[in-house]
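Below you'll find the structure, written out as structure tokens, and then a few comments.
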Amino acid sequence: MQLSISPRGIESLLPVSAMATMAVASARDIATDVGAAFCRHVNHFATRKNAELFADESPSRHLVTVGELHALGSDFYRAIRVGLGDQFD
């Protein structure tokens, strides 16, 4: 699959039907950094079937569209940034 994103959103996605999975991070990971709390718990798949097979292996994995994942990641980043103040500047 091919994915191009920017701060404005998804610029391109092939195939457009691609899916993703995300696992719920631990509280320790969330308090540490966005990479530990979000990025390493995300997987992308070209087909919904492959994403479902992967998600079914663990109850902590959730199937989401790539658009939903981008929105969640953006919200998560903003929440971390607000919580940590100017440490990202």
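The values are calculated or read from the model by the stated rules, or taken from the named source; none is laboratory data. Bear in mind that the values here come from a model prediction, so they are computed numbers and not experimental data. In this analysis, Cβ positions are derived from the backbone assuming ideal geometry, glycine residues included, and neighbour counts consider all displayed protein chains. Keep in mind that these areas ignore ligands, DNA and RNA; they rest on the heavy atoms of the full protein, side chains included. Shrake-Rupley method; radii C 1.70, N 1.55, O 1.52, S 1.80 Å.
Here are the numbers for the structure shown:
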quantity: Separation in nanometres of the label points that stand 7 Å from Cα toward Cβ, at Ile5 and Glu57; calculated: 2.1
quantity: Most to least accessible of Met1, Met19 (protein chains only, probe 1.4 Å); calculated: Met1, Met19
quantity: Computed accessible area, Val82, all protein chains, 1.4 angstrom probe, square angstrom; calculated: 120
quantity: Area of Leu72 that stays accessible when all protein chains are in place (1.4 Å probe, Å², to 10); calculated: 80
quantity: Accessible area (Å², 1.4 Å probe, nearest 10) - His70; calculated: 40
quantity: Solvent exposure, largest accessible area first (probe 1.4 Å, DNA, RNA and ligands not counted), of Ile5, Ile10; calculated: Ile5, Ile10
quantity: Accessible area, probe 1.4 Å, largest first, for residues Val66, Val24; calculated: Val24, Val66
